[in-house]
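What follows is a single structure, written as structure tokens, with notes after it.
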Amino acid sequence: MIDRLRFVLMETWESLTRNATMQAAAISTACIALILLGGAGMALYKLDATAQSLPGQFEANVFLKMSATREQALQLKAQLEAMPEIERVTLTPREVAWEQEKQKLAEDVNLADLPNPLPDKLTVRVRDPALLPAVAERIAQSPLVEEVIDSRKELQTVMELSRLVRWIGLGAGGLLLMASLILIYNTVRLTIASRQREVRVMALLGATLRSIRLPFVLEGMTQGVAGGALAATLVLIAAAFISDYFVRQWPFLRDMPPGLPPYIVIVGLPALGALMGGLCAWWATRRHVHI
Amino acid sequence: MVELKQVSVVYGEQHALRRVSLSVEKGEFVFLVGATGAGKSTLFKLLYGELRPTEGEVWVLGQPMHRIKPRELPYLRRRMGIVPQDYPLLPRKTVWENIAYGLRAIGYNESAVRQRVAQVLALVGLNEQARQMPNQLSGGEAQRAAIARAIANNPPLLIADEPTANLDPDTSWEIIELLMRINLRGATVIVSTHNRAIVDRACQRVVAMDRGQILSDVPRGGYPIELDRLHATVML
Ligand SMILES: Nc1ncnc2c1ncn2[C@@H]1O[C@H](COP(=O)(O)OP(=O)(O)O)[C@@H](O)[C@H]1O
Ligand SMILES: [Mg+2]
């Protein structure tokens, strides 16, 4: 069994070292394709997490007029709660909001002596995001209400960004993936051609088709794994630099949810590479290795 | 052991074999003679399943090669020693590795490989050349190495396609002697050649082919005279 394994690995090694240029071409295309896919994947994950962390498609903030009394605020709250579209309403009294604000900014400015500029706020949660625009519009008509703000705008921006990333990442990554599949297929095909004698000798000596094909499939998998490992390294380094840059530009980004855990990239890209390399090498042997 | 029944092989338009029937019993030594293009290699490829007949039946070691399943082919080939006409040895491996390669390819473990390689190298007389590369060997040594690899698994049937091509008469005779020695140890041997001198000298069964057909089949004969005449007419 061990001798068997050693034999197969020796054969694979011989294939891999036969034509360095072709190997480099196959590995680097696989690498670029996986960089795009991996990068797009990481960006999408981050954007998704960001979208989910936004107050949500379900909520709107209703700011009351400064003139509205607490009693009126509670009345409005009760009215809104009676509406069937609305699931829940919470009141944030202006003094509570002000305390929070003062604490948040305590390090930078002293707001202690200023009068409270904040109005009472109702946070309205609807049962279905589709209902939010209509509900927001109706609430805005109330004479007590100064402004209704929902986060659909921000959400939309994030969504658009993520759509863009998806198209570019998956589109370009997909095209390059095809290219790298073709390149790996071709490298393996050329290796097969350069090893015709070995294939024929093995076949005539009675080696099984599977054992003749296996080294070629392993060659393809190795190319995929090498490309994937390279891609994972580059993607993670790039991601670290990019997020560092953005955080320095806009410190509030520090509060964003964390991105895709690195180990998924480290394991995922080589695994993906192995899968695609192995598959197209297997396909090449099916077409070109016969006994 | 080997039986061809009304076998024809057609490559495109060309008939490589035309309704050939042939039977070889266990333990026989058979020369297959004929000019280049007579169909000797084609007949051999049928025997080891590299080619399917267009028509007819091919039975080898009790198995129907004309309808053998690809899955079963490897196991059958392990019971045949095959010395192909072209590229008998892998050029980048030593003689020792060439023989070992075949044994490893069919699942021998390392200690069995070492033992078998030593045995067959001794049998064909190549102990000295074990570490040499194929391009360092003489033509006769290369043929003996190819034969050693073919018989490493101790097959009951040995098929050698023109092992004496491009060899001088003495070396050719050494190769034939080696094949006859393997035959005496029990293997059925079929060997193709167009070397008249060794066929005459060996005094074994001779099957003569011409343009895809069997011309004559003599139990203990020499190179058939009529084949020479045919060569002459073909030349003209
Ligand atoms: N792969 C092939 N395609 C087409 N014709 C072939 C092929 N192999 C052999 N032939 C033809 O079949 C005939 C027999 O060839 P072959 O069996 O190689 O003869 P031999 O071994 O006796 O020299 C020849 O005319 C040859 O040209
Ligand atoms: Mg021939």
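Just to be sure, is B:Gly27 modelled with pLDDT of 90 or more and either surrounded by fewer than 15 Cβ atoms within 10 Å (Cβ to Cβ) or within 12 Å of ligand 2 (Cβ to nearest atom) (or both)? So that I can check it myself, show each step before the final result.
On the way: modelled with pLDDT of 90 or more: yes; either surrounded by fewer than 15 Cβ atoms within 10 Å (Cβ to Cβ) or within 12 Å of ligand 2 (Cβ to nearest atom) (or both): yes.
When the stated conditions are applied, B:Gly27 passes them.
Might you let me know whether segment B:68-84 holds any residue that is farther than 28 Å from B:Tyr11 by Cα, β-branched (Val, Ile, Thr) and either within 16 Å of ligand 1 (Cβ to nearest atom) or out of contact with any helix residue (DSSP H, G or I) (no Cβ under 6 Å at 6 or more places or on another chain) (or both)?
No, segment B:68-84 contains no residue that is farther than 28 Å from B:Tyr11 by Cα, β-branched (Val, Ile, Thr) and either within 16 Å of ligand 1 (Cβ to nearest atom) or out of contact with any helix residue (DSSP H, G or I) (no Cβ under 6 Å at 6 or more places or on another chain) (or both).
So which residues in segment B:80-105 are aliphatic (A, V, I, L, M) and more than 25 Å from A:Arg4 (Cβ to Cβ)? Lay out the reasoning, then the answer.
Step one: of segment B:80-105, the residues aliphatic (A, V, I, L, M) are B:80, B:82-83, B:89-90, B:95, B:99-100, B:103, B:105.
If the condition is that a residue be aliphatic (A, V, I, L, M) and more than 25 Å from A:Arg4 (Cβ to Cβ), then B:Val83 is the only one that fits.
Tell me which residues, restricted to segment B:126-165, are open to solvent by 30 Å² or more (accessible area, probe 1.4 Å) and under 15 Å from the mean Cα position of the chain (by Cα).
Matches in segment B:126-165: B:Arg144, B:Asn154, B:Pro156, B:Ala165.
Give me the residue from segment B:79-94 that is closer than 11 Å to B:Tyr48 by Cβ and more than 16 Å from ligand 2 (Cβ to nearest atom) and, out of that set, most open to solvent (accessible area, probe 1.4 Å). Full working, then the answer.
Narrowing segment B:79-94 to residues closer than 11 Å to B:Tyr48 by Cβ: B:79-84.
After this cut, where a residue has to be more than 16 Å from ligand 2 (Cβ to nearest atom) as well, the list is B:79-81.
Working: B:Arg79: 103, B:Met80: 8, B:Gly81: 0 Å².
The residue in question is B:Arg79.
Would you mind finding the one in B:Glu72, B:Glu97 that is open to solvent by 70 Å² or more (accessible area, probe 1.4 Å), more than 9 Å from chain A (Cβ to nearest Cβ) and under 29 Å from B:Leu137 (Cβ atoms)? I'd like the intermediate steps shown before the answer.
Working: B:Glu72 fails: under 29 Å from B:Leu137 (Cβ atoms).
The conditions single out B:Glu97.
Give the residues of segment B:1-14 that are within 16 Å of ligand 2 (Cβ to nearest atom) and open to solvent by 30 Å² or more (accessible area, probe 1.4 Å), sorted by residue number.
As a first pass, look at segment B:1-14 and keep what is within 16 Å of ligand 2 (Cβ to nearest atom): B:9, B:11, B:14.
Those that are within 16 Å of ligand 2 (Cβ to nearest atom) and open to solvent by 30 Å² or more (accessible area, probe 1.4 Å): B:Tyr11, B:Gln14.
Any residue at all in segment B:161-172 that's within 16 Å of ligand 2 (Cβ to nearest atom) and within 14 Å of chain A (Cβ to nearest Cβ)?
So far as segment B:161-172 goes, yes, one or more of its residues are within 16 Å of ligand 2 (Cβ to nearest atom) and within 14 Å of chain A (Cβ to nearest Cβ).
Regarding segment B:41-58, can at least one residue be identified that is surrounded by 15 or more Cβ atoms within 10 Å (Cβ to Cβ) and without any contact (Cβ under 8 Å) to a residue 12 or more places away in the chain?
Within segment B:41-58 (the criterion being surrounded by 15 or more Cβ atoms within 10 Å (Cβ to Cβ) and without any contact (Cβ under 8 Å) to a residue 12 or more places away in the chain), the answer is yes, since at least one residue qualifies.
Condition first: at pLDDT 90 or above and among the hydrophobic types (A, V, I, L, M, F, W, C). Now tell me which residues in segment B:69-102 satisfy that.
Hits for segment B:69-102 are B:Leu73, B:Leu76, B:Met80, B:Ile82, B:Val83, B:Val95, B:Trp96, B:Ile99, B:Ala100.
How many of the residues in segment A:117-144 are of a type in the set (S, T, N, Q) and in contact (Cβ under 8 Å) with a residue 24 or more places away in the chain? So that I can check it myself, show each step before the final result.
Here is the first cut: in segment A:117-144, the residues of a type in the set (S, T, N, Q) are A:123, A:141-142.
Add one more test, that the residue is in contact (Cβ under 8 Å) with a residue 24 or more places away in the chain, and what stays is A:123, A:142.
So the count comes out to 2.
When segment B:26-48 is examined, which residues are found to be in a loop (DSSP other than H, G, I, E, B), away from ligand 1 (no atom under 13 Å from the Cβ) and farther than 15 Å from B:Arg79 by Cα? It would help to see each step written out before you state the result.
Within segment B:26-48, the first condition is being in a loop (DSSP other than H, G, I, E, B), and the residues that meet it are B:26-28, B:34-39, B:48.
Those left that are additionally away from ligand 1 (no atom under 13 Å from the Cβ): B:26-28, B:48.
Answer for segment B:26-48, where residues must be in a loop (DSSP other than H, G, I, E, B), away from ligand 1 (no atom under 13 Å from the Cβ) and farther than 15 Å from B:Arg79 by Cα: just B:Glu28.
Read through the list (1) within 14 Å of chain A (Cβ to nearest Cβ); (2) within 12 Å of ligand 2 (Cβ to nearest atom), then give the number of the only condition that B:Lys40 fails.
For B:Lys40, the exception is condition (1).
Tell me, yes or no, whether segment A:151-171 has at least one residue that is within 30 Å of A:Gly277 (Cβ to Cβ), touching a Cys at 6+ places or on another chain (Cβ under 6 Å) and surrounded by 14 or more Cβ atoms within 10 Å (Cβ to Cβ).
Within segment A:151-171 (the criterion being within 30 Å of A:Gly277 (Cβ to Cβ), touching a Cys at 6+ places or on another chain (Cβ under 6 Å) and surrounded by 14 or more Cβ atoms within 10 Å (Cβ to Cβ)), the answer is no, since none of the residues qualifies.
Would a scan of segment B:169-179 turn up a residue that is part of a helix (DSSP H, G or I), of a type in the set (A, V, I, L, M, F, W, C), in contact with a strand residue (DSSP E or B) (Cβ under 6 Å, 6 or more places away or on another chain) and under 20 Å from B:Ala208 (Cα atoms)?
Step one: of segment B:169-179, the residues part of a helix (DSSP H, G or I) are B:169-179.
Narrowing further to those that are of a type in the set (A, V, I, L, M, F, W, C): B:173, B:175-176, B:178-179.
Filter once more, keeping what is in contact with a strand residue (DSSP E or B) (Cβ under 6 Å, 6 or more places away or on another chain): B:179.
Still in the running and under 20 Å from B:Ala208 (Cα atoms): B:179.
Yes, there is a match, as at least one residue in segment B:169-179 is part of a helix (DSSP H, G or I), of a type in the set (A, V, I, L, M, F, W, C), in contact with a strand residue (DSSP E or B) (Cβ under 6 Å, 6 or more places away or on another chain) and under 20 Å from B:Ala208 (Cα atoms).
The values are calculated or read from the model by the stated rules, or taken from the named source; none is laboratory data. For clarity, every value in this text was computed on a predicted model and none was experimentally measured. Neighbour counts run over all protein chains shown; Cβ positions are idealised from the backbone, glycine included. The protein model used for the area step is the full one, side chains on, heavy atoms only, and it has no ligands, DNA or RNA in it. Shrake-Rupley method; radii C 1.70, N 1.55, O 1.52, S 1.80 Å.
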